[in-house]
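Heads up, the thing below is written out as structure tokens.
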2 protein chains.
Amino acid sequence: MTSLLHSLPDDILLLGPGPSNTHPEVYAALGKPTLGHLDPVFIEIMDAIKGQIQELAHTDNELSIPISGTGSAGMEASIVNFVEPGDRVLILVNGVFGTRMVDVAQRLGAEVDALEFEWGTPVIPDQVAEQLMSNRYDLIGVVHAETSTGVRNPLPELAAVIKDSGALFLVDSVTGLGGLPVRLDDWGVDIFYSGTQKCLGCPPGLAPFSASARAVEKLKNRKTKVPNWYLDLSMLVNYWEGAKRAYHHTAPINMLYGLHAALDVVLQEGEEAVVARHQAAHEHLVAGLDPLGLDLFVEEGYRLPMLNAITVPEGVDEAAVRKALRMDHHIEIGAGLGPLAGKIWRIGLMGHNARPEVVDRFLEALRKVLS
Amino acid sequence: MTSLLHSLPDDILLLGPGPSNTHPEVYAALGKPTLGHLDPVFIEIMDAIKGQIQELAHTDNELSIPISGTGSAGMEASIVNFVEPGDRVLILVNGVFGTRMVDVAQRLGAEVDALEFEWGTPVIPDQVAEQLMSNRYDLIGVVHAETSTGVRNPLPELAAVIKDSGALFLVDSVTGLGGLPVRLDDWGVDIFYSGTQKCLGCPPGLAPFSASARAVEKLKNRKTKVPNWYLDLSMLVNYWEGAKRAYHHTAPINMLYGLHAALDVVLQEGEEAVVARHQAAHEHLVAGLDPLGLDLFVEEGYRLPMLNAITVPEGVDEAAVRKALRMDHHIEIGAGLGPLAGKIWRIGLMGHNARPEVVDRFLEALRKVLS
């Protein structure tokens, strides 16, 4: 053990935009004995993970697997497999991760329209409907839980608008899954990805992913090979599905143990209970901010329970507050990104951390730092 | 803990093509407390890993970082960043991983020549020299340790031939690093990647990577954006280098703890000792195969110490032997791939497993299964 690992602080509360603190069950899983990527026991775990993703995301999609990279690799896989050069893509943008989708799709030669909404406000379904009246798209993408602003985009309402457009419907729920309801089949979502290090309480490194039969059809009918060997789902399915599993790349075995354990923790508690716990922690935080004279940046009704953007008060050195919380109180919180840098703090209450006692520890520390 | 994880076998000896058994120090590291990806303590670990990669690969390359994916993501990153559509690429092919390089580069629009050598034999430097007399390339790629065949390609000799060609020199040493000497600067290697699950004794999931100043120059002068946001090194460097670290994607924190510990284990033992230990284990195996009437598939002088291809004798059901080893003796070995399917077994003696007592356990089990 190196001196750095030996002296790693073990009491940092991770209340930033993720990673959140890893669940104890997940730490235990990560250290389980490595098996071969074609071992029959490991294949049972792969199958179990597919079932867990289907259960938590409420989908019958056959193609429900973890991508071997972080949430951003999930985004990359979601676009590179289902978009070909010249395809018309609409991205609904109200934060960093919508912006990132635009960048990913443009790099792959798509013709991208970005429908922009003010950061900190939600995507407005009526404006999307209007856009669709005069434009046809092959794919429409949106972020469920915009981690950069704390906004929850209204997925069911957007789904209703997008349903008959003919476009594939792509949803990023890196921060939503395990803290907000996700209903892929009800909402008609065709392509979906998440991340492990938010509400699932697992370290970063994998992206739970799912694609509908319609999306798979598009993949099968591509005119060109997927220009990304590592993330090519048409080959990956031969490793993740069927009686005979064909080697593609060596799966990240121990991280997959961690994800399997993390999904089990969530499903054992039950989705309804997990969602209620995140909501309760959020409300506990909101109630505690008022006495400190602090406001949330996002309008009520569109706030994410697991990512709370607090407006930095005039005259307060926001970076100094974050530093004092980390150094004196062992609490990490997040800064604003892009146009929101310096304007908000981002407080994650994700997974294991969505508990009132965690909120109390944070509020007490914040009170001391601000006083 | 799920029943699957609870009952995971803990005595499987991983003597296939990788993953190898994870080192105990690495298991301990994987379970260390997750920190934020911008935490000052975590940034110290990132810097330490960069130094470890430089030390083990004998390079001063500034850009020496782990890629957030398995070895195949390292291959993808090595090509997508440094090859633009229309670039002329030469791949020296004598196995699955050279073939994979061709596929990756073609998908990205490169004009690829594959110089083919029989599987199980090494790349011949004179033939490469001949090819270079009448052709100019932007990049030349080769696999150091061809895991699919057990062949060690003669890197120093190839380096001498490629040196003045003007091409960037790309080397895959997924299976070599930590078991064979790797001398990036001496050999004039411009782009290099490895994997964690072979001789480093860490679970799969990361790809140690390094690029020379010449390669970085090519990256900086690209005419087009890298068509892969997740692996775009021109952005990744802003997270891995400099005083102010800019968020790109959330690094796989706990896997990086594992890699840091794994590299430390190797460097503490010392590269010379590690290489000698792999060679001794290999020789111990070869000596033990002879009494069993078994031969190695690769000619002496070009055999990989860490990946031993054994010719399956006439009339032996190779799959049944593998199954019996796994089920009755708890030993995993590898099958042949592609044209070598059914013709060879692949015996990995990697990292922690490159020890005479491990070889003895394998030989004893093999003797029983074959008798």
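The values are calculated or read from the model by the stated rules, or taken from the named source; none is laboratory data. Nothing here was measured: the structure is a model prediction, and the numbers come from that model. When we count neighbours, we look across all protein chains shown, and the Cβ atoms used for this are built from the backbone with ideal geometry, even at glycine.
Residue count for the stretch B:243-262 under the criterion of being more than 10 Å from chain A (Cβ to nearest Cβ), more than 20 Å from A:Ile253 (Cβ to Cβ) and surrounded by 24 or more Cβ atoms within 10 Å (Cβ to Cβ): the result is 0.
In the set (1) closer than 17 Å to A:Glu299 by Cβ; (2) under 17 Å from the mean Cα position of the chain (by Cα), A:Val142 fails one condition alone, (1).
Among the residues making up the stretch B:254-268, those that are out of contact with any Asp or Glu (no Cβ under 9 Å at 6 or more places or on another chain) and either β-branched (Val, Ile, Thr) or over 23 Å from A:Thr22 (Cα atoms) (or both) are B:Val266, B:Gln268. Restricting attention to the stretch B:265-283, does a residue exist that is modelled with pLDDT of 95 or more, farther than 14 Å from B:Cys199 by Cα, in contact with a helix residue (DSSP H, G or I) (Cβ under 6 Å, 6 or more places away or on another chain) and surrounded by 16 or more Cβ atoms within 10 Å (Cβ to Cβ)? No, there is no match, as no residue in the stretch B:265-283 is modelled with pLDDT of 95 or more, farther than 14 Å from B:Cys199 by Cα, in contact with a helix residue (DSSP H, G or I) (Cβ under 6 Å, 6 or more places away or on another chain) and surrounded by 16 or more Cβ atoms within 10 Å (Cβ to Cβ). Selection of first residues in the stretch A:126-151 that are free of Cβ contacts under 8 Å to residues at least 60 places away in the same chain and part of a helix (DSSP H, G or I) and of second residues that are among the aromatic types (Phe, Trp, Tyr) and surrounded by 17 or more Cβ atoms within 10 Å (Cβ to Cβ), restricted to Cβ pairs under 9 Å at least 6 apart or on distinct chains, gives the following pairs, ordered by first then second residue: A:Gln127/A:Phe117; A:Gln131/A:Tyr137.
Of the residues that make up the stretch A:37-45, is at least one closer than 30 Å to B:Leu38 by Cβ and not β-branched (Val, Ile, Thr)? No, there is no match, as no residue in the stretch A:37-45 is closer than 30 Å to B:Leu38 by Cβ and not β-branched (Val, Ile, Thr). Those residues that are in a helix (DSSP H, G or I) and either under 25 Å from A:Asp295 (Cα atoms) or in contact (Cβ under 8 Å) with a residue 12 or more places away in the chain (or both), I need them from the stretch A:102-121; list them, please. Scanning the stretch A:102-121 gives A:Val102, A:Val104, A:Ala105. Can you pull out every residue in the stretch A:2-34 that is crowded, with 24+ Cβ neighbours inside 10 Å and among the aliphatic types (A, V, I, L, M)? Result: A:Leu14, A:Leu15, A:Val26, A:Ala29, A:Leu30. Checked against (1) part of a helix (DSSP H, G or I); (2) closer than 28 Å to B:Gln268 by Cα; (3) in contact with a Gly (Cβ under 9 Å, 6 or more places away or on another chain); (4) of a type in the set (A, V, I, L, M, F, W, C), B:Ile347 meets all criteria but (1). Of the strands (runs of 3 or more DSSP E) lying entirely inside the stretch A:163-281, none contains at least 3 residues that are touching a Cys at 6+ places or on another chain (Cβ under 6 Å). Of the strands (runs of 3 or more DSSP E) contained entirely in the stretch B:1-96, those carrying at least 1 residues that are at the interface with chain A (Cβ under 7 Å from one of its Cβ atoms) fall at B:13-15.
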